[in-house]
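See structure below.
Every number here is computed from the coordinates shown, using simple stated rules; none is lab data. Note that the coordinates shown come from a computational prediction; the quantities given were computed from them, not determined experimentally. For neighbour counting, all protein chains shown are included, and Cβ atoms are generated from backbone atoms with ideal geometry for every residue, glycine included.
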Amino acid sequence: MNIIESGFNTKLIHAGEIEDQYGSATVPIYQTSTFSFENAENGAACFSGDSDGYIYTRIGNPTINALERQVAALENGYGAIAVSSGMAAATTIYLSLLSSGDHIVSTDAIYGPSRSIMEKQFIRFGFQSTYIKTTDPEAIKKAIRPITKVIYIETPANPTMDITDLEACAEIAHKNEILLVVDNTFCSPYLQNPLDLGADIVFHSMTKFINGHADVVAGIIVAKERALYTQLRNMMINMGCNMDPHQAYLVLRGIKTLSVRIERAQENAVKVAEFLEQHPKVAWIKYPGLQSHPQFQLAKKQMKGSGAMISFGLKGGFEGAKLLMNNLHLALLAVSLGGVETLIQHPASMTHSKVSTEDKLKAGISDDLIRLSIGIEDVNDIILDLKQGLEII
Ligand code: LCS
């Protein structure tokens, strides 16, 4: 059977398999830094590319490659590059695609460090960036300059849940000979496949839904074409932000249940969102599964489900948000997302605190915004926890 042509759930269970002499049901952890060559000629052939034998774990490793093959299959890409974290993925992409004087156009409300590394660190290397509401394709067209090399989209955006039309972006990008990069962390390959919608590169913080168990920090980049894959892989190898084999093993273990975890978390999230929308102390809510989301129709078109992330604001503002966060007993007050446990956090003072106050306000990261990552607990317990917390305000 050709696994690449099989269904998504079959790929989750079997696309990461490797052949091993004992018939192991799971991928063994090749916890080695280096691999011995058969002879001097074979060593030279591995380095020249005439042989595809393993050389050194920073360059490649069977456990890590199993995960790379699997995620490439799930995202329908040419190949994947596993890295040490989601930020290592973003950094590898920036450094592979941009040279001094080049420019990117990006979603304003992306994960804080993905933006601040460009504005505060990479600006020293001459990288230029413009952050806008990519929900409006006309705004993207206006922001493009002759030096623009990349359009970088996060959808749904962290933490505003703004949704950007990926097909429209791909058309704009390719008309202008620009590459389209998509951070697909909030969806995972189960809910959205940007390469199928025209993107050139998709990446994930696998710390989130893909691993799903709050016990690993990891990232992965998937390229649609071979040339881009090679360019990204060479950058990763020389930067040394490779994944570790044990880390790869844990993600291979977590990913198997991706669809059942997301289905359950999403079912819970729909009910939590409906509860919050009706609550008198809630001022507003943004969840792609609610008709009140400004891009509800677009979400339905490009995502296979509404996911497990919710943003909302309280009539009591930041003071009310603090009271709620300090009085929950089930939800953990913690950053990160996409795990089996429900988490609550305050982006303006936590994940996005390094973005300037002015830029946060422009991007819609208001002081009253609270972000929930819904887990797979019993939904009645999640709702009861929120209900008692809201009563205290
Ligand atoms: N992209 C998105 C959309 C993210 O949410 C994160 C982390 C990253 C990239 C970076 O991934 P990492 O290096 O942490 O694996 N987001 C976090 C968040 O919202 N809370 O804590 C981390």
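Summary table below
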item	result
Residue-wise HN-Hα coupling along segment 270-279, computed from phi with Karplus coefficients 6.51, -1.76, 1.60 (Hz; x: Gly, Pro)	4, 5, 5, 5, 5, 5, 5, 4, 8, 6
Cα convex hull volume per residue for segment 74-228 (Å³)	101 Å³
Cα-based Rg / Dmax (Å) for segment 93-164	11.6, 32
Quarter of Cα convex hull surface for segment 23-92, i.e. mean projection, nm²	6.3 nm²
Relative contact order (%) - the chain, alpha-carbon pairs under 8 angstrom, separation at least six	17 percent
Fraction of antiparallel bridges per DSSP, the chain only, in percent to nearest 5	55 percent
Pairs beyond 32 Å (Cα-Cα), from K133/K304; K142/K286; K142/K304; K256/K360; K301/K360; K300/K362	K256/K360
Loop GluC sites (Glu not before Pro), segment 205-296, which have at most 14 other Cβ atoms in a 10 Å radius of their Cβ (DSSP)	E225
Cα gyration tensor category, rounded, prolate or oblate, for segment 258-392 with a/c compared to 1.5	rounded
Taking T92, T32 and counting other C-beta atoms within 10 Å, the order from fewest to most	T32, T92
Unit charges on C-beta of K, R, D, E only; dipole of segment 8-255, Debye	640 debye
Charge context of V105, other residues only, Cβ under 10 angstrom, K/R +1, D/E -1	+4
Shape category assigned to segment 1-127 from the gyration tensor of Cα positions, a/c cut at 1.5	oblate
Cα-derived Rg to Rh of the chain, Kirkwood definition	0.98
Selection from G212, F47, I29, by position along the positive dipole direction of segment 8-255 (Cβ)	G212
Antiparallel bridge percentage (DSSP; both residues within segment 98-195; nearest 5)	0 percent
Helix axis angle, 166-175 relative to the chain longest principal axis, alpha carbon, degrees	50 degrees
Fewest-first sequence of H103, H346 by Cβ atoms within 10 Å of each Cβ	H103, H346
DSSP-defined antiparallel bridges as percent of all bridges, segment 258-392, nearest 5	85 percent
Relative exposure of H352, H293, H329, judged by other C-beta atoms within 10 Å (fewest first)	H329, H293, H352
Hits among lysines - C-alpha to C-alpha of K387 under 18 Å, sequence gap 8 or more where chains match	K271, K281, K315, K322
Of I392, A331, H352, farthest towards positive along the dipole that unit charges on Lys, Arg, Asp, Glu beta carbons give segment 258-392	H352
Cα-based helix-to-principal-axis angle, 317-326 vs the chain, degrees rounded to 10	70 degrees
